[in-house]
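Beneath this line is the structure, given in structure tokens, with notes to follow.
The values are calculated or read from the model by the stated rules, or taken from the named source; none is laboratory data. Since we're looking at a predicted model, the values are computed, not measured. Note that each Cβ is placed from the backbone with ideal geometry, even for glycine, and that neighbours are counted across all protein chains shown.
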2 protein chains.
Amino acid sequence: MQYPEPIAKLIESYMKLPGIGGKTATRLAFFTIDMDEDDVTDFAKSLISAKRDLHYCSICGNITEEDPCQICSDPSRDQTKVIVVEEPKDVMSLEKMKEYHGLYHVLHGVLSPIEGKGPEDINITSLLTRLQTHPDMQEVIIATNATPEGEATSMYLSRLIKPAGIKVTRLAHGLAVGSDIEYADEMTLFKAIEGRTEI
Amino acid sequence: MQYPEPIAKLIESYMKLPGIGGKTATRLAFFTIDMDEDDVTDFAKSLISAKRDLHYCSICGNITEEDPCQICSDPSRDQTKVIVVEEPKDVMSLEKMKEYHGLYHVLHGVLSPIEGKGPEDINITSLLTRLQTHPDMQEVIIATNATPEGEATSMYLSRLIKPAGIKVTRLAHGLAVGSDIEYADEMTLFKAIEGRTEI
């Protein structure tokens, strides 16, 4: 005996999500059946809407309903700085801080020879065009993740952009605020010592 | 700055699922945007369909597209035995074994004084009615989970049903096939010794 088709199909759909295997998908599917009807309808609608109504900004690559996005079309933002991030969600994390008022550029990935991802597979060309056509731009702040791929991408970008006379910086590495030295890994400690500041 | 509304709503929907918090919901929502359009449409459709087309069987409480369900309406199944389980997915697990050909009854929960769940909150009345109206019934096999609540429900059902002259049995507790004694907990070992069989 098989699961009735509607639930079998739902399990299959849930399994397409990252990190969700057969057991979890089954649990989620049975949970869905017991959910409020309105919640399920909302869920279905928001799936469709997220896929249909969201686009990538043609300037910065961030996710947006209108093109260009809110940030790119806001003249009050500092047009001399751009933060380069890997994914749209990184923009959100940085915006939550509320301390940065410049622009962003989303790469949609990092250079990764293992996954066969070269410079043409991520949003680099549009960044270079952007820098060329915006003579006001003074600083590119690279905020790729602190992973080997993120570091490599950072180095690559730096070598490409510096010759144009634009300052290239990288987010500081070190101890997270509120963290214990005891639990920090060696690389983080090394970076924290290397980047120590006078007090 | 907030997430664009379509993605904010999708994150909210994902967060209604059990075990999915803000970070995972955000990851799933961004993953959804990059998914194949057909897959997203299928996902939305299967959500709606699972909610709309699936019902609980009016006889056994199992999940089904037609009422009564496939098992209840199959005259070739052994009408003298009924396995009592907590949830519809337990029926699927037992059916996968392909060795049992009797009927099922789904309680949709267990007795749990802590959660305020009494006999009237689970599918017990319909089980008793079923036993009364089916004079062929010879054995009720209780397959609630091996948890304190499952055990309590099992004891409660046994006391209700036995006086009617119907045999009540419980699934055996013991070592899982392929498991190591070294890693078995004390209760399982105790049950395994208690239920030892002659060879």
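Only one entry of B:ILE71, B:ILE48, B:ILE59 meets the criterion of being hydrophobic (A, V, I, L, M, F, W, C), outside the structural domain of B:GLN132 (by TED's automatic domain parsing) and under 21 Å from A:THR32 (Cβ atoms), and that entry is B:ILE48. Yes or no: B:THR64 more than 21 Å from the chain's Cα centre (by Cα), modelled with pLDDT of 90 or more, outside the structural domain of B:ALA152 (by TED's automatic domain parsing) and β-branched (Val, Ile, Thr)? The answer is no for B:THR64. Candidates are the residues of the range B:1-16 that are at the interface with another protein chain (Cβ under 7 Å from one of its Cβ atoms) and among the aliphatic types (A, V, I, L, M); the one that is nearest to the chain's Cα centre (by Cα) is B:LEU10.
Could you go through the range B:173-181 and let me know if any residue there is within 29 Å of B:ASP74 (Cα to Cα) and either hydroxyl-bearing (Ser, Thr, Tyr) or exposed (fewer than 11 other Cβ atoms within 10 Å of the Cβ) (or both). Spell out how you get there, then give the answer.
The first filter runs over the range B:173-181 and keeps only residues within 29 Å of B:ASP74 (Cα to Cα), leaving none.
No; the residues of the range B:173-181 include none that is within 29 Å of B:ASP74 (Cα to Cα) and either hydroxyl-bearing (Ser, Thr, Tyr) or exposed (fewer than 11 other Cβ atoms within 10 Å of the Cβ) (or both).
If only residues of the range B:47-90 that are touching a residue at least 24 places away in the same chain (Cβ under 8 Å), under 18 Å from A:LEU10 (Cα atoms) and surrounded by 22 or more Cβ atoms within 10 Å (Cβ to Cβ) are counted, the one that is farthest from the other protein chains (Cβ to nearest Cβ) is B:ASN62.
Within the range B:142-175, which residues are among the polar types (S, T, N, Q) and either touching a His at 6+ places or on another chain (Cβ under 9 Å) or part of a helix (DSSP H, G or I) (or both)? Give the derivation first.
Step one: of the range B:142-175, the residues among the polar types (S, T, N, Q) are B:144-145, B:147, B:153-154, B:158, B:169.
Correct list: B:THR153, B:SER154, B:SER158.
When we screen A:LEU157, A:LEU189, A:LEU175, A:LEU171 for residues that are touching a residue at least 40 places away in the same chain (Cβ under 8 Å) and assigned by TED's automatic domain parsing to the domain that holds A:GLN132, the only hit is A:LEU157.
Please go through the range B:95-118 and give me each residue that is surrounded by 15 or more Cβ atoms within 10 Å (Cβ to Cβ) and of a type outside the set (A, V, I, L, M, F, W, C), ordered by number.
Result: B:GLU95, B:TYR100, B:GLY102, B:TYR104, B:HIS105, B:HIS108, B:GLY109, B:SER112, B:LYS117.
Cβ-Cβ contacts under 6 Å between residues 6 or more apart (or on different chains), taken from a first residue in the range A:137-154 that is in contact (Cβ under 8 Å) with a residue 12 or more places away in the chain to a second residue that is of a type in the set (Lys, Arg), are listed as A:GLU139/A:LYS81; A:GLU139/A:LYS167; A:ILE142/A:ARG170; A:SER154/A:ARG170. Across the range B:17-40, which residue is farthest from B:LEU103 (Cα to Cα) among those that are facing chain A (nearest Cβ under 7 Å) and polar (S, T, N, Q)? Checking each candidate, the answer is B:THR26.
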